[in-house]
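The values are calculated or read from the model by the stated rules, or taken from the named source; none is laboratory data. The shown structure was predicted, so the numbers you read here are calculated from the model rather than taken from an experiment. Ideal geometry is used to build each Cβ from the backbone, glycine not excepted, and the neighbour counts take in all protein chains shown. Each accessible area value is taken on the protein alone, full model and side chains, heavy atoms only, with ligands, DNA and RNA left out. Shrake-Rupley method; radii C 1.70, N 1.55, O 1.52, S 1.80 Å.
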Amino acid sequence: MQETCKTLKAADLEKLEEICARRGADQGAVIPILQDIQEVFGYLSEDAVNFAADRLEMPRSHFYGVATFYAQFHLRPRGRNVVTACTGTTCHVKGSENLISILGRELGIPEGQDTSPDMNYTLEKINCVGACSIAPVIIINNGVHSKMNADKITKEVIKLKGADDGKQRGKD
Ligand code: FES
């Protein structure tokens with residue numbers, strides 16, 4: 001048995017065990033198990049993926065192959081709000097690079113990283129979301145924003161931060 005579960009707490013192990021037991025142990029269970037793990041933990045940690053692979057007695061490489069193939073899976077923690085910028089050709093020609101710099105700066109995401117240190121915001125890039133006629137396109141927490149420019153993006157960030165502060169205050 002390979003080394004596993006260095007950082008998993010007993011409660012996490014229980015949740016993983018429950019997911020694996022519910023989903024079964026054949027090849028077809030791999031994607032649903034990864035989806036469930038991501039749903040419960042927010043992302044696919046190395047320990048969680050290793051646990052599931054070992055539990056199903058499948059090569060860990062198979063799980064990682066699936067996890068890295070599909071864009072829906074995330075191997076690193078993401079912020080509570082996810083902003084996705086399209087970097088496809090049409091959006092690029094219409095200024096997406098500038099919008100991405102503005103977003104990075106306004107959301108406090110350090111150079112070379114994709115998530116703010118406070119874990120509030122993740123900025124992702126995607127290659128053509130299939131809405132080129134309304135380029136450049138930005139997606140904020142699943143809401144599509146069309147024909148963006150610097151002014152519109154700044155307003156949307158202000159709205160996002162306001163909504164986020166409200167949510168945080170609601171928890172206090
Ligand atoms: S290039 Fe951005 S939507 Fe197609």
Region 81-171: Kirkwood hydrodynamic radius (Cα pairs, Å) comes out at 13.2
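Counting DSSP beta bridges with both partners in region 81-171, what percentage is antiparallel, nearest 5?
Working: 7 of 13 bridges.
Among the beta bridges of region 81-171, antiparallel pairing accounts for roughly 55 percent.
Dipole of region 10-69, Cα-centred, from +1 at each Lys and Arg C-beta and -1 at each Asp and Glu C-beta, to the nearest 20 debye?
Working: 5 positive and 11 negative charges, 36 e Å.
Once rounded to the nearest 20, the dipole reads 180 debye.
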Packing-based ranking, highest mean first, of 141-152, 115-126, 47-58 given that Cβ atoms within 10 Å are counted:
47-58, 115-126, 141-152
Distance between modelled label sites at E39 and K152, nm, 7 Å Cα→Cβ extension
3.4
With every protein chain in place, the chain: carbon and sulfur % of accessible area (1.4 Å)
51
Alpha carbons only, please: Rg and Dmax for the chain, in angstrom.
18.8, 56
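Just to be sure I follow: if Rg is taken over the C-alpha atoms of region 10-69 and Rh is the Kirkwood radius over the same atoms, what is Rg/Rh? Walk me through the intermediate numbers first.
Numbers: Rg = 10.0 Å, Rh = 11.1 Å.
Rg divided by Rh gives 0.90.
Hey, what's the chain come to in accessible area per residue, 1.4 Å probe, Å²? Walk me through the numbers on the way to the answer.
On the way: 10010 Å² over 172 residues.
Heavy-atom accessible area per residue stands at 58 Å².
Which order do C20, C128 take by accessible area at a 1.4 Å probe, largest first?
Values: C20 5, C128 65 Å².
Descending accessible area places them as C128, C20.
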Which angle between 0 and 90 degrees, to the nearest 10, do you get for helix 96-106 versus the longest principal axis of the chain when only C-alpha atoms count?
80
Virtual spin-label span in nm between R78 and E124, 7 Å along Cα→Cβ:
0.3
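With a cut-off of 8 Å between alpha carbons and a minimum separation of six or more residues, what is the relative contact order of region 72-172 in percent? Walk me through the numbers before you get to the answer.
Working: 143 pairs, mean separation 32.6, N = 101.
Value for region 72-172: 32 percent.
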Suppose each label sits 7 Å from its Cα in the direction of the beta carbon; what would the N98-E111 distance come out to in nanometres?
2.1
With all protein chains present and a 1.4 Å probe, how do D12, D165 order by accessible area, largest first?
D165, D12
